[in-house]
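Let me begin by presenting the structure, written as structure tokens, before commenting on it.
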Amino acid sequence: MMKNQVVIVTDSTNDLPKELREQYDIRVVPLTIVWGDHQYLDGVEITAEEFYTQLGISPFHPTTSQPTPQDFLQVYEEACSAGASAILAITISGAMSGTIESARAAAKGFRIPVHVLDSKANSMSLGWQLLAAARAREAGADVEGMKKASEAVRNCLHYHIVLDTLEYLVKGGRIAGAAKFIGNTLNIKPQIRVNHQSGSVEAADVSRTRGRAIETLYSSFFKKVDVSRPMHIAVLHNAAYDEAKTLTDRISTEHHPLELISGIVSPVLGAHTGPRAIAICGYSEP
């Protein structure tokens, strides 16, 4: 008999470190990277490190493709066969991807209850919600309690991202929420953020230099959270290793969060945000 009667399923945009996914038995349905004549399952057939190494030199612009209902159905079947009594699927925002529709289609008529929840986010904004649901389950919550725990965290989340270039948002057709940045030049360092009510990306600040952009990222994020409360924070990056470490060390020294994660962003998100993007994502406890 499996350890967890309610199995948590998500997609590959979650950006949770592998050890946390394994610790909490969180099952992942990968999206697909389409790159020239090749297709790769995100995080399965291409790692983030491999992806960013090639991103800056490839003549092709990568695009992405959502999982099919059959992809989700396969994971639901595996969970059911292992003894699950219910499934909680938490996915990337429906405003960003059609992934949630595949999760819902696979859930229809399935032989155990499948609850599908829109994270209204991606990356570690999705990851923090998954951890909240998993930790609620560990504390004895049923699926409704797990959903409430996830939603409570979502209502507290802030996710700010600095892009090194707008090129990938433009090429990927994901510029709508950040359209105000486009003028006569793309030679700016824009900050975007996730709106956790609408599930969409919107424009924030803009800087002319990268150093200033990262400083503004830091200050704008910590204006949003209550630094007097326990904080759960993640630093995410698109192969900007040194800058991410510097930012992580600064957060640790100046704010002493209860939980601090640093990690690389999944290829399927990197295809839209481009090389050297860097972000802070997290929340303070109510």
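As a summary of the residue check, Y52 satisfies the conditions (1) over 30 Å from G109 (Cα atoms); (2) in contact (Cβ under 8 Å) with a residue 24 or more places away in the chain; (3) in a loop (DSSP other than H, G, I, E, B) except for the one numbered (3).
Number of residues in region 89-128 that are surrounded by fewer than 24 Cβ atoms within 10 Å (Cβ to Cβ) and farther than 15 Å from Q66 by Cβ: the value is 9.
With respect to S97, is the statement that it is part of a loop (DSSP other than H, G, I, E, B) and either of a type in the set (G, A, S) or in contact with a helix residue (DSSP H, G or I) (Cβ under 7 Å, 6 or more places away or on another chain) (or both) true? When the stated conditions are applied, S97 passes them.
The residue of region 34-44 that is surrounded by the most Cβ atoms within 10 Å (Cβ to Cβ), among those that are touching a Ser or Thr at 6+ places or on another chain (Cβ under 6 Å) and in contact (Cβ under 8 Å) with a residue 40 or more places away in the chain, is D42. Residue count for region 11-44 under the criterion of being closer than 19 Å to E101 by Cβ and either outside any strand (DSSP E or B) or of a type in the set (F, W, Y) (or both): the result is 5. For S150, state whether it is part of a loop (DSSP other than H, G, I, E, B) and within 15 Å of the chain's Cα centre (by Cα). The answer is no for S150.
Looking across region 195-252 at every residue that is at pLDDT below 95 and of a type in the set (V, I, T), the one that is nearest to D15 (Cα to Cα) is identified as V201.
The values are calculated or read from the model by the stated rules, or taken from the named source; none is laboratory data. Here the structure is a predicted model, which is why all the values come from computation and not from measurement. Because the Cβ atoms are built from the backbone with ideal geometry, glycine has one as well, and the counts that use them run over all protein chains shown.
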